[in-house]
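Please read the structure below before turning to the comments.
The values are calculated or read from the model by the stated rules, or taken from the named source; none is laboratory data. All figures in this text were calculated on a predicted structure; none of them were measured in a lab. Cβ placement follows ideal geometry from the backbone for every residue including glycine, while neighbour counts extend to all protein chains displayed.
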Amino acid sequence: MLKRLSLTAAIFTAATAPAFAHLDPVEHGSFMAGVSHPLFGMDHILVMVAVGLWAAQIAREDRNNKALWAVPSAFVGTMAVGFVLALAGVALPFVEPAILASVIALGLLVAMAVHLPTVVGAVIVGLFALFHGHAHGGELGSAGALQFGLGFVAATTLLHMAGIALGLGISRFAPNLTRMLGGLTALAGLSLVFG
């Protein structure tokens, strides 16, 4: 019986291993390294899903779907600008603190269901995205920058879409649950700061 449990545990462990590891961007600079990067960083996941949740909240309040594409697009576009700035050697101050602040701030925006015009929401997420993109570019040598950049843009877009889908789905049945997720995001951001 013990052998069977050990074998089952070994198979389960192997089956649940990630499909691809968090590849070192300096060594790999590949599309998959770019894809894996946002998917294996808690700060990235929290912020990018929160952007989607907030876009869904804004769209629901405005009864207009413009926020569903404008807010995440502002994040992705400005993130790409930050990435290029880092590759060009342009320094930004307080990159890591700004990233941690983005987790807390976006969590609070969702938790409080802050309703702002779509353009203002896009500017806010764009400002945070600049720092996220700069961090991505700062971790990468020049080799494979285009492939890596395309990979992290693709992963970021997917995380935004997941947040939007989650936000739209929850709003139909339990709109306050979205706010709770925002609060948990802000708390997780605080734990990253003090953890």
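Taking into account only those residues within the stretch 101-123 that are over 14 Å from Ala50 (Cβ atoms) and among the hydrophobic types (A, V, I, L, M, F, W, C), which is surrounded by the most Cβ atoms within 10 Å (Cβ to Cβ)?
In this case the residue turns out to be Ala122.
If a residue has to be more than 15 Å from the chain's Cα centre (by Cα) and exposed (fewer than 15 other Cβ atoms within 10 Å of the Cβ) to count, how many in the stretch 85-100 make the cut?
7
Can you name every residue in the stretch 165-174 that is free of Cβ contacts under 8 Å to residues at least 24 places away in the same chain and either surrounded by 13 or more Cβ atoms within 10 Å (Cβ to Cβ) or under 14 Å from Leu108 (Cα atoms) (or both)?
Residues satisfying the conditions are Gly169, Ile170.
In this structure, is Ala55 farther than 17 Å from Ile104 by Cα and out of contact with any strand residue (DSSP E or B) (no Cβ under 7 Å at 6 or more places or on another chain)?
No, not satisfied.
Test Val114 against the criterion of being among the hydrophobic types (A, V, I, L, M, F, W, C), modelled with pLDDT of 95 or more and part of a helix (DSSP H, G or I), and give yes or no.
When the stated conditions are applied, Val114 does not pass them.
Which members of the stretch 36-49 meet the condition of being of a type in the set (A, V, I, L, M), modelled with pLDDT of 90 or more and surrounded by 17 or more Cβ atoms within 10 Å (Cβ to Cβ)?
Once the filter is applied, which keeps residues that are of a type in the set (A, V, I, L, M), modelled with pLDDT of 90 or more and surrounded by 17 or more Cβ atoms within 10 Å (Cβ to Cβ), the stretch 36-49 yields Ile45, Leu46, Val47, Met48, Val49.
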